[in-house]
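Some notes on the structure that comes next.
The values are calculated or read from the model by the stated rules, or taken from the named source; none is laboratory data. Here the structure is a predicted model, which means the values were calculated and not measured. For neighbour counting, all protein chains shown are included, and Cβ atoms are generated from backbone atoms with ideal geometry for every residue, glycine included.
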Amino acid sequence: MTGRKLSVATALLGAMLLAGCDKAPTQAPTTSPPAAVATEPGVIRFPAGSPDLDAIEIVAARSGPLPVSADLNARIAVNEDLTARVGAPVAGRVTRVLVDIGGPVRAGQALARMDAPDLAQATADKLEAESDADLKRRAADRARTLFEGDALARRDLEAANAEARSADAELTRARLRLRNLGGGAGTDLSLTSPVAGYVLDRQIEAGQQLTPGQSPLFTVTDPRRLWLLVDVPETAIARARVGEAILFEVNAFPGRRFAGKITRIGLAVDPATRRIQVRAEVPNPDLALKPEMFARARFVTDDGETAIRVPNAALFEQGLKSYVFRVDAPGTFRRLPVTVGVRGEDASYVTAGLKDGDKIVGEGALLLNAQMAGEQ
């Protein structure tokens, strides 16, 4: 009997021990990160280490010339005043190409050589014209001598002089044609560049057969001076003035602003787009800009007026007012009303409410404003 009681007690004790082993250990209570606090109207503060700070982008507001227009579509183009497109003046075969794309070129430098049978014919035509002109001039001199001795009628003298003038004109034409073909004797012709610069395009290979009038074989330009072609709506054309500055940006260099000077304003509106083309000259000393790049351009005032440039992500509206968040201290943001002078595609220009160098919130400004509204 006693043994049976011990067995029951042992079984109960084992069950209690097993139950204790199956019970999950008690977990320590977790603590949430400290929440943002609205300490005063228009100010919100985050404690150090708050994960909300990771979603907030801080940027510097910078001063710059105040534009007088929103962003306008534009593109970079070669300066046609400094560009030459070289073709074949006569038919022939390319014997040698002397330059490649990107290579520097001097004015008058040979770009390629070709075998041109017409060159030999042009040389022969010039020699024949020289001989004929010399013969006609001597005939005119004899006629003048005879006329002065009353041995020749005036009409015969005038006819001799006319033939001499005609022969001289033919000689001039033959010389010009030979000069345009590159001069020289034989059939070896050099294709030369009339301007200095760099080879922008090359459409020629050794052995290629050439004919006059085909597309240009070489395009030579000076890429250190380019054009900016801006499509301006007719409603904004009054803001464009020859001689004034224009600012622009390209996608290849985010945040970098380039400048040019307006040199020409179109005289007609494109009937399809209702826009007028404005042209500006752009210095490009470091060759960063490339022809056919797209750009965003804006006119600026010439009176020295400046504004604070801020990304559009930093701006938000409440009612009829625009606001930004300024960083007062690490983790502390103050909502400020600002006056926007000009709005662009990616950035806007603030004329009141900020100063150069202020740290402001870029991406995340809207979420920060919503969080501030929830805390108040």
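For (1) surrounded by fewer than 12 Cβ atoms within 10 Å (Cβ to Cβ); (2) modelled with pLDDT under 95; (3) among the hydrophobic types (A, V, I, L, M, F, W, C), each residue gets a yes or a no:
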site	(1), (2), (3)
Ala185	yes, yes, yes
Asp188	no, yes, no
Gly213	yes, yes, no
Val220	no, no, yes
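With respect to Gly374, is the statement that it is at pLDDT below 90 and exposed (fewer than 14 other Cβ atoms within 10 Å of the Cβ) true?
On the way: at pLDDT below 90: yes; exposed (fewer than 14 other Cβ atoms within 10 Å of the Cβ): yes.
Yes; evaluated as a whole, the condition is true for this residue.
Among the residues of region 95-116, is any without any contact (Cβ under 8 Å) to a residue 40 or more places away in the chain and of a type in the set (A, V, I, L, M)? I'd like the intermediate steps shown before the answer.
Of the residues in region 95-116, the ones without any contact (Cβ under 8 Å) to a residue 40 or more places away in the chain are 98.
Filter once more, keeping what is of a type in the set (A, V, I, L, M): 98.
Yes: region 95-116 contains one or more residues that are without any contact (Cβ under 8 Å) to a residue 40 or more places away in the chain and of a type in the set (A, V, I, L, M).
Can you go through Asp150, Asp141, Asp156, Asp132 and tell me which one is surrounded by 15 or more Cβ atoms within 10 Å (Cβ to Cβ) and free of Cβ contacts under 8 Å to residues at least 60 places away in the same chain? Give the derivation first.
Working: Asp150 fails: surrounded by 15 or more Cβ atoms within 10 Å (Cβ to Cβ); Asp141 fails: surrounded by 15 or more Cβ atoms within 10 Å (Cβ to Cβ); Asp156 fails: surrounded by 15 or more Cβ atoms within 10 Å (Cβ to Cβ).
Answer to the check: Asp132.
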key: The one condition in (1) among the basic types (Lys, Arg); (2) at pLDDT 95 or above; (3) closer than 16 Å to Val350 by Cα that Lys321 fails to fulfil   = (2)
key: Answer residue from region 76-125, given it is surrounded by 14 or more Cβ atoms within 10 Å (Cβ to Cβ), part of a loop (DSSP other than H, G, I, E, B) and among the β-branched types (Val, Ile, Thr) and is nearest to the chain's Cα centre (by Cα) among those   = Thr83
query = Does Arg257 count as over 15 Å from the mean Cα position of the chain (by Cα) and touching a residue at least 12 places away in the same chain (Cβ under 8 Å)?
reply = no
remark   = Among the residues of region 326-352, the number that are within 33 Å of the chain's Cα centre (by Cα), at pLDDT 90 or above and not β-branched (Val, Ile, Thr) is 1
query = Which of the residues spanning region 269-316 are under 13 Å from the mean Cα position of the chain (by Cα), in contact (Cβ under 8 Å) with a residue 60 or more places away in the chain and part of a strand (DSSP E or B)?
reply = Glu281, Val282, Phe294, Ala295, Arg296, Ala297
